[in-house]
Amino acid sequence: MKRFIYSMICLWAVLSCVEQQDYRKTLVHAQHIMADFPDSSLVVLDTLGEHSVNFDSHFRMQYLLALTYAQAKVGVKFETDSLTKALVNHFDDNGSCTEQALAYYMNGCALSDIGQAPEALQTFYDAIDKADTTRNDDGYNVYDILRGIYGQMAAIFHQQCLPKDEIWAFRHYIDCVRKTSGEEEYIIAKSQLIRPYCLLGEKDSVLIIIDDTYRELIRLGNRQEAAGALVAPIHIYTERGQMAEAKKTMGIYERESGLFDDEGNISAGREGYYYIKGFFELASNEVDSAELYFRKAIRYGYLSEGYRGLLNVYREKQVMDSVLLFSELYEAAQDSLHSRMQTDAIHRMATLYNYSRSQKEAETERANSRKTRWWATSIVMTAVLIIVGLSLFHKENSKKKKRKIQELERDLNNAKNTRAEILEELHQLKAQDYESIIAAKEYKLAELTKVIEHLQSENGASRDISASQEQDDLEQFLNSDIATLFVQKATGKTENSQPTETEWKMLISQFSKDNPVTYKTFGSGKSLSKLEQRICILLVLDIPEYVISIMTNSSASTVSNSKARANEKLFGKKDAHPLKINLIHTLKTL
């Protein structure tokens, strides 16, 4: 009976393993097709979900992560962030880099959908930090995940009226599209830069982007998509009075974009074109036609632009009652618009900037400390003991050297004084011709002279030893463990490229120990700030300036200005570029 039970248990275990392997193959298949065919991936996952009662705990979380990703890709909106938070908590300790990045990405999407834009941005930054494009140990496409992250960030920056940040996000988004999609999708992705450049008012840049998009899409044979990108130039050309260009562009847009029905009505959601067409008609002296388009724009909610257009129409017609009416309506629409924009701006300022990136870094630091508390504590304690021990040893050694030099100088001075007294006595005795006394004194004088020479020699040797022990040793510093760790961080060979405060302290301590002469110059005269010291040491480690800005969490301009100040303090020349050469030259000559 026992053998039978044991055999059944073994059979169940084997069958379970076979089932788990089949489940995993199905999940990997769904992951592989996720980027290009999310609908099909969702069907596969729904079918796999029918066996969820047989999943182990970790596989269940992997399944939920894939299911959430597929749902997000097909446009399902999040109503809560409870599931995505659970995914983040699980994969932070149990997942690969890609799974962690995807979990944070999904949590950011959930936060964005429920209206928590600042928290969403922080979570997207976390997702970017987790992603590792050098590894491909999961079924997911890392660049497809990063593409989604940067696209979401660009949308938030646009809502927050932060066009420069939106451009930054879109450039990364475009790079990911280039690595994951075809040429046409890459061209369309580049055209997304139109939005932030419009916010910046850089109309020449907008025209260049649209012209490039149009030509590239025509080259690929997609005339409809190419024509659909031409609405902005119509407005810009009209404003500039370039009516021939505006008319030509409008003709292409209306004939080839496929956005208009037989009666000339544009597709839903694009009705803002009516006020653009109205201003074109007005500039072409087609006043009645312009009036029709402005009234049409007002019906679709474009009040400010429509009322402004009708105000200009009735100025042309010189109907003063209507001019007065639409002046008031336009003013009211503008006040409403400005009030709404001001309210939105206050809300954005109160939510976005109060939730700063420094808070994100603090959270990251706390998360890292929870995972490595014992290890970090051991390193800190060891580092403190080493630093304290070295400090005490150096202090005691310095005291001994000083005491010995003081004793030697005291003996030397006593001997010199005694010799001076004897010389005086000899002078007097020679005058009295006491030969024997003179001979004895001369003998004592010779002995004292030997003592003085010996003391002078020993004193000089002690000073030479003391001076020789304070020499820079650049090679010893470059070969130290902490210097090697910083070089690994700079070259992306560690999980986190930004050093902790403990690691900074260990680096400074190692540098001051191996290069005491140079380190003293950091604090003499106009002493260097903490940031300037760190930048100098990173330059000695041959770390590029753009990596230094990342490791010190500073902008490129801040790093450059700090280099210039440090060079002026240390070498008397306010120029950032030669700082590294001056530091290396000083270290190698001392």
Checked segment 267-325 against the a/c 1.5 cut and the a/b vs b/c comparison, axes a ≥ b ≥ c from its Cα gyration tensor; verdict oblate
Tell me, what HN-Hα J-couplings in whole Hz come from the Karplus equation 6.51 cos²θ - 1.76 cosθ + 1.60 at θ = phi - 60° for each residue of segment 101-112, using x for Gly and Pro? 4, 5, 5, 5, 4, 5, 5, x, 4, 5, 4, 5
Run the simple label-point estimate for residue 324 and residue 26 please: 7 Å along Cα→C-beta, distance reported in nm. 7.6 nm
Pick out, from 548, 528, 510, the residue whose Cα sits farthest towards the positive end of the charge dipole of segment 472-557, with +1 on the Cβ of Lys and Arg and -1 on the Cβ of Asp and Glu. 528
Computed over the Cα atoms, what is the radius of gyration of segment 181-323 divided by 2.2 N^0.38 Å, N being its residue count? 1.11
Solution diffusion estimate, µm²/s, Stokes-Einstein, segment 473-546, Kirkwood Rh from C-alpha pairs, 4 °C, viscosity 1.567 mPa s: 102 µm²/s
Just to be sure I understand the model, the point goes 7 Å from the Cα along the line to the Cβ. What's the resulting residue 222 to residue 71 distance in nm? 3.0 nm
Which percent of the accessible area of segment 502-586 is formed by carbon and sulfur heavy atoms (probe 1.4 angstrom)? 53 percent
State which entries of 203/248; 25/85; 526/573; 203/277; 130/493; 73/164 exceed 21 angstrom in Cα-Cα distance in the structure shown. 25/85; 73/164
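The values are calculated or read from the model by the stated rules, or taken from the named source; none is laboratory data. Computed from a predicted model, the values in this text were never measured in an experiment. Methodologically, a virtual Cβ is constructed for each residue, glycine included, from the backbone with ideal geometry; neighbour enumeration extends over all protein chains shown. Quick note on the areas: whole protein, heavy atoms, side chains included, nothing else; ligands and nucleic acids left out. Shrake-Rupley method; radii C 1.70, N 1.55, O 1.52, S 1.80 Å.
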